[in-house]
Amino acid sequence: MSSLLLSLSSRPSLRKLALRCHTLRVFSSSTTTNPYLMYSVTYCGEYPEAGAITKLRMFDPAKEDYFTVGDKPLSKELAKSRLVGSSHGWGVFISSRDSILISDYCNPSSSKSNPKMIPLYVQSLSRYVKSLMLRSVKFNFGGTKLFMVFREEEDMNMCYTEDIGDLCIFLGNNEPFCVKASSFPGLNPNSIYFLGEGYGEGYGVYDIATRTPRSFNPKSFSAFSDIADSPNGKVYVLPDWVPHWIPPSPL
C-alpha cells in the first residue's frame, strides 16, 4: 500500500506533528487476536522485583470492553525493562544500553506461568539499542482535535485524503500499524485509534471523514475486584510499559 503522512493539532493552525509511515504494517487475519490497548500493568509491592505477580489491564477497541490478564510472574530481566515495540505477539524490551529482550509476556494468549524470553546480549547492539530508545518517543494525543492524512502517490507527491477505505490506523508510543476493520468486527473503518499519556487519559477513535474524535471511558482501578485482594488494597504500575497498542497476534 502507499505510504501515509499524518499530522495532528489541537488547533488546525497550531502544533502540527508529522508521522511518516513507510511500509506501514498491516494486519488482517481471522486467526489472530484483536488489537488491544495495554493501558496499565499493575503489581503488588513498592518496587518491581523478580517474582512479583503482575496483572495486565487491557482494552479491546473492537468490543469497547476491558479485561485483565492476571497472575503472570515478573522475571528478573523484565523487572526494570522498558517496552519499546511489539509485533505478532512478541514484545521488544530494553533493560540496558547493551541488552535487548524479546518476550511474549504481554501477549494475552501466551503462557501465564512460563512466558518465553529470548535475551540478546551483544556488545555490538549498543548503537541499535540507542536507536530504538530514540525512536520510542512519548506522544500525547489526548488534546488532539484534528488529524490530517496524506497519501503518497506513485509520483512521490502527497495527496490529502479523507478516505483510507476499510483501514484503521493505530497511533501511540510504539510503531504505527494498520488493520482492516472488516477483519475485526466492531472496529470503525476509515478511522484513527489514538492514545494519550498515562492511565485512562485521552484514548479514543477519530473518524477521518467527519473529523470527529470520540473518547473511550476509562475503567477506574476501583472497578477491578482484584484490587481489594492486594495487601492494603494498594497496587503499583510499571510506567515504562504503558500505554501501548498491541498489534494482532496469532491464536
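Tabulated data for the structure shown
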item	result
Under 5 Å, built H, 5+ apart or other chain: amide partners of residue 74	51, 52, 53, 54
Spin-label proximity, residue 50 to the stretch 65-109 - amide N less than 11 Å from point 7 Å beyond Cα toward beta carbon	75-79
Formal net charge of residues neighbouring residue 189 (Cβ-Cβ distance under 11 Å; K, R +1; D, E -1)	-2
Cut-off 14 Å between beta-carbons: net charge of the residues surrounding residue 113, Lys and Arg +1, Asp and Glu -1	+1
Members of 55/80; 63/116; 112/180 lying beyond 24 Å, as alpha-carbon distances in this model show	63/116; 112/180
HN-Hα J in Hz across the stretch 186-192 - Karplus 6.51, -1.76, 1.60, θ = phi - 60°, x for Gly and Pro	x, 6, 8, x, 6, 9, 10
Note, ³J(HN,Hα) from phi for the stretch 158-165, Karplus 6.51, -1.76, 1.60, rounded to Hz, x at Gly and Pro	9, 10, 5, 9, 10, 9, 10, x
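Read-outs: derived from the displayed coordinates by stated rules, not from any lab. On a predicted model such as this, the values are computed, not experimentally measured, just so you know. Every residue, glycine among them, receives a Cβ derived from its backbone with ideal geometry; neighbour counts consider all protein chains shown.
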